[in-house]
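Enquirer: Before we start, here is the structure in question, set down as structure tokens.
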Amino acid sequence: MQSELQIGRKSEVIAKALVNDADGSPRIEKRARLFDDFIRYVLLFCGIVSIFTTLGIVVVLGRESLLLFSTLDAQGQPVVTLGEFFFSTSWQPAGLKFGILPLLESTLMTSFVAMLVALPLGLGAAIYLSEYASPRVRGSLKPILEILAGIPTVVYGYFAVTFMTPLLQGVFGRDTVQFYNTASAGLVMGIMILPTIASMSEDALSAVPRNLREASYGLSATKFETISKVILPAALSGIVAAAIVGISRAVGETMIVALAAGAGPNWTMPPNFFVAAETITGHIARISGGDLSYNSVDYDSLFALGFALFIFTLGLNLLSRYITNRFREAYQ
């Protein structure tokens, strides 16, 4: 505490200069720091640009999406209503059928498989790095783990097609597993988001104060008991936030599902993970690469899909923020 007061006093001396008034009496005046003021205004400008960029994206998505629901057919009826868009099980733009459920189902299926892979492996890696690994081992393994986050997603997509799909066909049979399937895409997506969950969970575990560990050991608890009954509950909010961020990352993934999951919406209820199906992002990538007419119904439907995906991921982020604030443990 004393050293902090000394540092604070030194900074005050640097920041302020002693001057004399006209009558000769001393007066302390704050010294101008032009560089600090410049940096502050630059950062303020960056924040304003970020906010207005986000608002601009929302406005464009919303405006173009409304065009889809305001388009009328030959009989003067809306081409698609909000009810049909969110609850219909057929997505065929050529037939003026815009039901998002097949695309949403495939998106949730691939994200579910991805979390089945990434959550246990990522949490296990985080626990090992935080509680078991020595500083030297942690310093070597964590950068290696985070290399996975730097691999281009198109490489993951071809890895799913050339390795994961033949592997699944060898286990379950070629008659069961199609060449394009959501299981293969989901498994590789889980490998892709594993570093995100592992890194965020490891940060949450490392933030738990050491005195909680020492108190648990002082009560004759084993290391596993300390981890499972003390450290994990204390870091629960950070772990849940990491899982939700991983889900958001999986939902918004494009290249892996575009290459490995298949082309064409496919409503498979009950869900079938071994058949081809198209996700929201995969459909946007496939259709936007074709010859779409500007202001056509197909063109407007892409913005409606993008806006729906934006709302979905925004809800996940708000949920993550709520859980973090609701269950966060504050230590002094």
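Enquirer: Hey, does segment 308-331 have a residue that's touching a strand residue (DSSP E or B) at 6+ places or on another chain (Cβ under 7 Å) and within 22 Å of residue 80 (Cα to Cα)? Don't jump to the end; show me each part of the working.
Expert: Of segment 308-331, the ones touching a strand residue (DSSP E or B) at 6+ places or on another chain (Cβ under 7 Å) are none.
For segment 308-331, residues touching a strand residue (DSSP E or B) at 6+ places or on another chain (Cβ under 7 Å) and within 22 Å of residue 80 (Cα to Cα): absent.
Enquirer: In the set 235, 198, 215, which member is without any contact (Cβ under 8 Å) to a residue 24 or more places away in the chain and among the aliphatic types (A, V, I, L, M)?
Expert: Details: 235 fails: without any contact (Cβ under 8 Å) to a residue 24 or more places away in the chain; 198 fails: without any contact (Cβ under 8 Å) to a residue 24 or more places away in the chain.
Sole residue among the options that is without any contact (Cβ under 8 Å) to a residue 24 or more places away in the chain and among the aliphatic types (A, V, I, L, M): 215.
Enquirer: Further question on the same structure: Assess whether residue 148 counts as being part of a helix (DSSP H, G or I) and touching a residue at least 40 places away in the same chain (Cβ under 8 Å).
Expert: Details: part of a helix (DSSP H, G or I): yes; touching a residue at least 40 places away in the same chain (Cβ under 8 Å): yes.
Spelling it out, residue 148 is indeed part of a helix (DSSP H, G or I) and touching a residue at least 40 places away in the same chain (Cβ under 8 Å).
Enquirer: Given the condition in the same structural domain as residue 279 (by TED's automatic domain parsing), in contact with a Ser or Thr (Cβ under 6 Å, 6 or more places away or on another chain) and either under 18 Å from residue 253 (Cα atoms) or not aliphatic (A, V, I, L, M) (or both), answer yes or no: does some residue in segment 199-210 qualify?
Expert: Of segment 199-210, the ones in the same structural domain as residue 279 (by TED's automatic domain parsing) are 199-210.
Going one step further and asking which of them are in contact with a Ser or Thr (Cβ under 6 Å, 6 or more places away or on another chain), we end up with 202, 205-206.
Right, trim to either under 18 Å from residue 253 (Cα atoms) or not aliphatic (A, V, I, L, M) (or both) and you get 202, 206.
Yes, segment 199-210 contains at least one residue that is in the same structural domain as residue 279 (by TED's automatic domain parsing), in contact with a Ser or Thr (Cβ under 6 Å, 6 or more places away or on another chain) and either under 18 Å from residue 253 (Cα atoms) or not aliphatic (A, V, I, L, M) (or both).
Enquirer: Another question, then. Can you go through 246, 262 and tell me which one is surrounded by 21 or more Cβ atoms within 10 Å (Cβ to Cβ), outside any helix (DSSP H, G or I) and of a type in the set (Gly, Ala, Ser)?
Expert: Numbers: 246 fails: outside any helix (DSSP H, G or I).
On inspection, the qualifying residue turns out to be 262.
Enquirer: Here is a further query. Among the helices (runs of 4 or more DSSP H) confined wholly to segment 34-130, which include 1 or more residues that are exposed (fewer than 12 other Cβ atoms within 10 Å of the Cβ) and not acidic (Asp, Glu)? Spell out the reasoning first.
Expert: Numbers: elements: 34-70, 82-87, 101-127.
In segment 34-130, the matching helices (runs of 4 or more DSSP H) lie at 34-70, 82-87.
Enquirer: Does residue 154 meet the test of being part of a helix (DSSP H, G or I), in contact (Cβ under 8 Å) with a residue 40 or more places away in the chain and either of a type in the set (Val, Ile, Thr) or surrounded by fewer than 18 Cβ atoms within 10 Å (Cβ to Cβ) (or both)? Spell out the reasoning first.
Expert: Values: part of a helix (DSSP H, G or I): yes; in contact (Cβ under 8 Å) with a residue 40 or more places away in the chain: yes; either of a type in the set (Val, Ile, Thr) or surrounded by fewer than 18 Cβ atoms within 10 Å (Cβ to Cβ) (or both): yes.
In short, yes.
The values are calculated or read from the model by the stated rules, or taken from the named source; none is laboratory data. Note that the coordinates shown come from a computational prediction; the quantities given were computed from them, not determined experimentally. Cβ sites come from the backbone with ideal geometry, for glycine too, and all protein chains shown count toward neighbours.
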